[in-house]
1. Could you give me the residue pairs with C-beta distances under 6 Å whose first residue belongs to segment 140-157 and is within 12 Å of H189 (Cβ to Cβ), whose second residue is more than 14 Å from ligand 2 (Cβ to nearest atom) and of a type in the set (A, V, I, L, M) wherever it lies, and which are 6+ apart or on separate chains?
2. Got a number for residues in segment 104-136 being of a type in the set (G, A, S) and away from ligand 2 (no atom under 12 Å from the Cβ)?
3. Here are some residues: R71, R89. Which one is of a type in the set (D, E, K, R) and in a helix (DSSP H, G or I)?
4. With the checklist (1) within 30 Å of W182 (Cβ to Cβ); (2) basic (K, R); (3) within 23 Å of the chain's Cα centre (by Cα) in hand, flag the one item R12 doesn't pass.
5. Would you mention how many residues in segment 224-253 are surrounded by fewer than 17 Cβ atoms within 10 Å (Cβ to Cβ), more than 24 Å from D102 (Cα to Cα) and away from ligand 1 (no atom under 13 Å from the Cβ)?
6. Out of the residues in segment 17-53 that are part of a helix (DSSP H, G or I) and of a type in the set (S, T, N, Q), which is surrounded by the fewest Cβ atoms within 10 Å (Cβ to Cβ)?
7. What number of residues in segment 155-175 are assigned to a loop (DSSP other than H, G, I, E, B) and under 22 Å from L101 (Cα atoms)?
8. Which one of G193, G243 is under 22 Å from V159 (Cα atoms) and without any contact (Cβ under 8 Å) to a residue 60 or more places away in the chain?
Amino acid sequence: MDATALDTELDRIFDDLTAIPAFPKTVNYALRILDDPGSTTTQVGRVIRFDPALTANILKAANSAYFGLPRQVSSIETAIALLGTRQVREILIIAASRPYLDREIYGYGMRQHDLWAHSLGCAAISEIVARHSGFASSDLLFTSALLHDIGKYVMNEHVGIRAEEIQLQAGVDAMTFTEAEWRVLGTDHAVLGSEILRLWEFPRAIVRAVRNHHDPDLYIQDELSRLLAFSNILTVSLGFGVGLDGFRHRISPELSRKLKLTASGLAAIIQESFAEWQSLATLLA
Ligand SMILES: [Fe+2]
Ligand SMILES: [Fe+2]
């Protein structure tokens with residue numbers, strides 16, 4: 001493709017960013033209140049109450065987690081207090097992300113539910129990784145992991161049209177699919193994903209980690225990016241929701257040293273990840 005044609009294609013890809021439906025305002029607002037250490041369950045409840053589906057989700061989670069209670073939890077404030085900030089955050093972010101991720105992403109050879117399973121799998125694995133590595137900001141890592149491939153929502157069609165060329169390039173020059181994506185289209189789903197999250201005003205650290213997740217020169221530079229890249233590599237290696245972009249990854253030689261994971265630590269992470277995947281697979285079935 002000549003330079004002008006590539007520019008036109010890039011313009012079309014970046015124009016598509018404006019067509020992506022906005023992240024639900026209620027969730028964005030509720031997440032911000034949850035982030036504020038001085039906030040109360042009443043403040044969070046006041047926001048969530050405006051969204052009946054979210055309210056139902058949280059009440060359901062509280063009632064199933066605490067089914068031994070003498071009576072059903074029917075107040076949103078009580079449900080939030082019972083579940084705790086972390087679980088409420090996860091419920092909100094999972095519910096809000098699903099419409100973008102639980103769909104067929106044919107450009108990357110992903111059937112309906114594949115990307116959703118991959119994203120949930122990566123988020124679940126990231127929590128295990130965060131625990132084993134003693135990472136304090138597990139909330140940031142969970143959100144980054146759940147949304148790391150959101151760029152595929154926009155890139156799907158563009159990659160779909162050029163999939164054969166991308167695969168051919170990857171095969172000929174021994175590149176990863178993402179590198180070939182960049183070579184053919186002038187950008188990739190990691191860049192587009194970070195742009196989406198920037199437009200949605202997610203924290204800068206998450207925008208950066210998503211931008212970096214396939215690039216070893218970039219992801220090696222900060223802890224959140226390293227942990228996200230590692231969680232994604234592990235999710236793919238274990239075969240959780242893999243598409244055309246497949247198993248080939250560019251792994252920084254410094255990654256394992258910087259993560260300070262021992263062989264027994266890694267074995268434990270893999271074992272726990274399989275157990276987590278099994279319960280997720282039952283949920284998704
Ligand atoms: Fe990715
Ligand atoms: Fe991924």
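Since every read-out is calculated from the coordinates, none of them should be taken as a lab result. Because the structure is predicted, anything quoted here is derived from the model rather than measured. In this analysis, Cβ positions are derived from the backbone assuming ideal geometry, glycine residues included, and neighbour counts consider all displayed protein chains.
1. I150/I196
2. The total comes to 7.
3. The unique qualifying residue is R89.
4. (3)
5. 2
6. Filtering segment 17-53 for residues that are part of a helix (DSSP H, G or I) and of a type in the set (S, T, N, Q), the one surrounded by the fewest Cβ atoms within 10 Å (Cβ to Cβ) comes out as T18.
7. Summing the residues that are assigned to a loop (DSSP other than H, G, I, E, B) and under 22 Å from L101 (Cα atoms) in segment 155-175 gives 1.
8. Every option except G193 fails the conditions.
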